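The values are calculated or read from the model by the stated rules, or taken from the named source; none is laboratory data. Because the structure is predicted, anything quoted here is derived from the model rather than measured. A quick note on method: Cβ atoms are made from the backbone with ideal geometry, for glycine too, and the neighbour counts reach across all protein chains shown.
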């Protein structure tokens, strides 16, 4: 069995490749038995060493309007056939972005994503 992670994150300038992802974390649901349900929040960190994600920086996604874009991360088994598609790990929309300059050659773009419950609140 070989697990395959796929990212569906199409922007106006094109899709974000999985190789551009430095990391992804998410939390959703309940954090304790007595707690109420809360909106899910995902954080996607993208490698930006070449500047292609820098807003207004002249790269591929320079004129991209990130906020409000749909996001979906799902996982699949390469040996399995899915009737309705592979299971979604996290889905939502972009709420905010933050550019972090690490040093003169490295930067990261952090994308904050909220799920549908977060959109309603």
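Worth a mention:
- Of all residues in segment 64-97 being over 14 Å from the mean Cα position of the chain (by Cα) and at pLDDT 85 or above, the one that is nearest to residue 19 (Cα to Cα): 64
- Near pairs, Cβ below 6 angstrom, 6+ apart or cross-chain, from segment 60-89 (under 21 Å from residue 115 (Cα atoms)) to any residue that is part of a loop (DSSP other than H, G, I, E, B) and modelled with pLDDT of 85 or more: none
- Residues satisfying the stated conditions in segment 17-48, i.e. surrounded by 15 or more Cβ atoms within 10 Å (Cβ to Cβ) and under 16 Å from residue 110 (Cα atoms): 20, 21, 24, 26, 41, 42, 44, 45, 46, 47, 48
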